[in-house]
Every structure is written in C-alpha cells, then in structure tokens.
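Trainee: Before I ask anything, let me first share the structure, which is written out below as structure tokens.
The values are calculated or read from the model by the stated rules, or taken from the named source; none is laboratory data. Since the model is a prediction, treat every value here as computed from it, not as a measurement. Cβ sites come from the backbone with ideal geometry, for glycine too, and all protein chains shown count toward neighbours. Remember, those area values only see protein heavy atoms, side chains included, never the ligands or the DNA or RNA. Shrake-Rupley method; radii C 1.70, N 1.55, O 1.52, S 1.80 Å.
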Amino acid sequence: QQQVKQSPQSLIVQKGGIPIINCAYENTAFDYFPWYQQFPGKGPALLIAIRPDVSEKKEGRFTISFNKSAKQFSLHIMDSQPGDSATYFCAASRDSGGYQKVTFGTGTKLQVIP
Amino acid sequence: DAGITQSPRHKVTETGTPVTLRCHQTENHRYMYWYRQDPGHGLRLIHYSYGVKDTDKGEVSDGYSVSRSKTEDFLLTLESATSSQTSVYFCAIQGTTTYEQYFGPGTRLTVT
C-alpha cells in the first residue's frame, strides 16, 4: 500500500494557537517523512523532515511527532501566525534504486486568523 | 528555489494539440521529476529521470512523454492534450546528498 492519508482537509485557528495536522501510512518500507508548505501560486517548499528512528524533531516553531508502531506522524505549529496560512502536505518516501519514490498526502489548507 | 525554472508558467491550449513544458535546473542534479497537482489528489508522479536519456514512468504517465537530452533540461510533452490534463505541473530535483526534493514554481495548464 502506497497511500498516505492526511487529515484534516482544512483547519482554521486563531493567531497563537497550535494547529496539528495528522498523517498515516501503511508501507513500512518508507524511510523518510517530509512536510511541505505551499503558498498560492508557488511550488511546495520543504519545511521539515524526519526519519523513522526519531520520535520527534523540532525546527523553530515547527515540530514533527512520529509514532513508528502506529505508522502515524503529525506536524505541530507552535504560536501560529497569519503568515503560516498555507497548504501543508505530508509525504513518505523510500529509496527505489537511487531515486526517491515519494507518496504525498492530499494536503491541509491552514488559515490562521489574526 | 534550488535553481529551478519552469516555462511557460501559464498556458491555455485546445484539446488535441501537443504541448511541451520545460524544466531547467542550474545545479547539475542527477534526478529530476515531473508531478501534477490536482485538488484532492496531492502531487502525483508522472515521470522521472535519473540521467541524460534515462527516464522512467511514474504512477500517472499515460498520455505523457518526457525527454532529457541535457542534464539541466527535462521536458514534459503531452502528445495530444485532453481536458483531463488540465492541472498544475511541477518539476522537482533531488538533492545530491539528501533525500529531499525541491520544487520549481509550477506551470498552470488549461486544456479547453
């Protein structure tokens, strides 16, 4: 199974709140889990990534939590700001003979209200 | 932006016409990818390349072909465009020392 399930589809939070986006996968061969941020009219930009041997990774206000046994991972945005309003994609990838086979979630549209 | 440009950025074409989209990179990366992005589907891989003249199919390759005659250029061709190919197309490169993929700015294609 190559699917990556992402929820919620959309999310509205107040400034300063902590939006949480969840993803689940089936294929245990995945060995790299990136998150991408996309603004309207732009390409997805790599935000933060984690490997399955780590349970948590923080970069600035962004944190990935990873639960290998449950095959789930999530993105938390601390002290969210209106500038964080964007669409967020989780992904899972594995090495496939050199190239990275990446499976993307369907995206979460986040709106942070001032 | 990882030195990736895409052209054109917007295109409107009629059903049945051929269309070629171009991806250009300036950093000599070996692996290049073409994705399409559609609401409710995320990004789906069309084709990828692992070197000059070396390409392979992704999960949604029907109706598309690619070519890579130079390291820096990866072309995506719709031989006979259909309305179902209306989408936003993104090119990506794979970092040389990491697993990350970096995306270009995209091409919005409308097939009428």
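Trainee: Among B:Phe103, B:Val19, B:Gln85, which residue has its Cα positioned farthest towards the positive end of the charge dipole of chain B, with +1 placed on the Cβ of Lys and Arg, -1 on the Cβ of Asp and Glu, and the dipole taken about the Cα centre?
Mentor: B:Val19
Trainee: Rg to Rh for region A:33-88: what is it, with Cα atoms only and Rh by Kirkwood?
Mentor: Numbers: Rg = 12.0 Å, Rh = 12.0 Å.
Result: Rg/Rh = 0.99.
Trainee: What number, in percent, do you get for the relative contact order of chain A if the mean sequence gap of Cα pairs under 8 Å and at least 6 apart is divided by its residue count? Write out the running numbers ahead of the final one.
Mentor: On the way: 285 pairs, mean separation 41.2, N = 114.
Relative contact order comes out at 36 percent.
Trainee: Report ³J(HN,Hα) in whole Hz for each residue of region B:80-89, in order, from the Karplus equation J = 6.51 cos²θ - 1.76 cosθ + 1.60 where θ = phi - 60°; Gly and Pro get x.
Mentor: Each residue's phi maps through the Karplus curve to give 8, 4, 10, 4, 5, 8, 5, 5, 9, 10 Hz.
Trainee: Is there a quick way to get the dipole size of region B:4-111? I mean about its Cα centre, with the Cβ of Lys and Arg at +1 and of Asp and Glu at -1; what is the value in debye to the nearest 20? Please report the intermediate quantities before stating the final value.
Mentor: Working: 11 positive and 11 negative charges, 37 e Å.
Roughly 180 debye, rounded to the nearest 20.
Trainee: Now for a different question. Please give the solvent-accessible surface of B:Val12 in Å², to the nearest 10, using a probe radius of 1.4 Å with every protein chain present.
Mentor: Ignoring ligands and nucleic acids, B:Val12 comes out at about 110 Å².
Trainee: Keeping all protein chains in place and using 1.4 angstrom, which order do B:His41, B:His29 fall into by accessible surface area, from largest down?
Mentor: On the way: B:His41 90, B:His29 15 Å².
Per-residue accessible area, sorted high to low, gives B:His41, B:His29.
Trainee: While we're on this one: Can you give the net charge of the other residues whose Cβ lies under 12 Å from the Cβ of B:Thr112, counting K and R as +1 and D and E as -1? Spell out each step's value before the answer.
Mentor: Values: positive: B:Lys11; negative: B:Glu14.
Residues near B:Thr112 contribute 0 overall.
Trainee: Another question, if that's okay. Enumerate the amide H contacts of A:Ala45 below 5 Å, restricted to partners 5 or more residues apart or on another chain; note that Pro and chain-start residues carry no placed amide H.
Mentor: A:Gln37, A:Gln38
Trainee: Under 16 Å Cα to Cα from A:Lys71, which aspartates and glutamates show up? Leave out anything in the same chain fewer than 8 places away.
Mentor: A:Glu26, A:Asp31, A:Asp53, A:Glu56
Trainee: Another question, then. Using Cα positions and a limit of under 18 Å, work out the aspartates and glutamates in reach of B:Lys57, with same-chain residues fewer than 8 apart set aside.
Mentor: Correct list for B:Lys57: A:Asp95, B:Asp73, B:Glu79.
Trainee: Limiting things to C-alpha atoms, what are the Rg and the maximum Cα-Cα separation (Dmax) for chain A, in angstroms?
Mentor: When restricted to Cα atoms, chain A yields Rg and Dmax of 13.7, 46 Å.
Trainee: Given the options B:Tyr64, B:Tyr99, B:Tyr48, state which has the largest fluctuation in a GNM of chain B using a 10 Å cut-off (strictly under) for Cα springs.
Mentor: Between B:Tyr64, B:Tyr99, B:Tyr48, it is B:Tyr99 that shows the largest mean-square fluctuation.
Trainee: To the nearest whole percent, what portion of all C-alpha pairs in region B:4-111 is separated by more than 23 angstrom? Walk me through the intermediate numbers first.
Mentor: Working: 1116 of 5778 pairs.
Tail of the P(r) past 23 Å holds 19 percent of the pairs.
Trainee: Still on this model: Compute the convex hull volume of the Cα atoms of region B:24-71, divide it by the residue count, and report the result per residue in Å³ as a whole number. Mind showing how you got there, number by number?
Mentor: Working: hull volume 3.9 nm³, N = 48.
Looking at region B:24-71, the number lands at 82 Å³ per residue.
Trainee: Taking a probe of 1.4 Å and counting only protein heavy atoms, give the total accessible area buried between chains B and A in Å², rounded to the nearest 100.
Mentor: Values: alone 6020 and 6300 Å², together 10650 Å².
The summed interface area works out to 1700 Å².
Trainee: Something else: Any idea which of A:Val13, A:Ile77, A:Gly41 is furthest toward the positive side of the dipole for chain A, if Lys and Arg beta-carbons carry +1 and Asp and Glu beta-carbons -1?
Mentor: Positive-most Cα among the choices belongs to A:Gly41.
Trainee: With the alpha-carbon atoms as the only input, what is the per residue convex hull volume for the protein assembly as shown in Å³?
Mentor: Working: hull volume 26.9 nm³, N = 226.
Value for the protein assembly as shown: 119 Å³ per residue.
Trainee: Using a cut-off of 13 Å between alpha-carbon atoms, which aspartates and glutamates can reach B:Lys70, once sequence neighbours fewer than 8 places away in the same chain are excluded?
Mentor: Reachable aspartates and glutamates: B:Glu27, B:Asp54.
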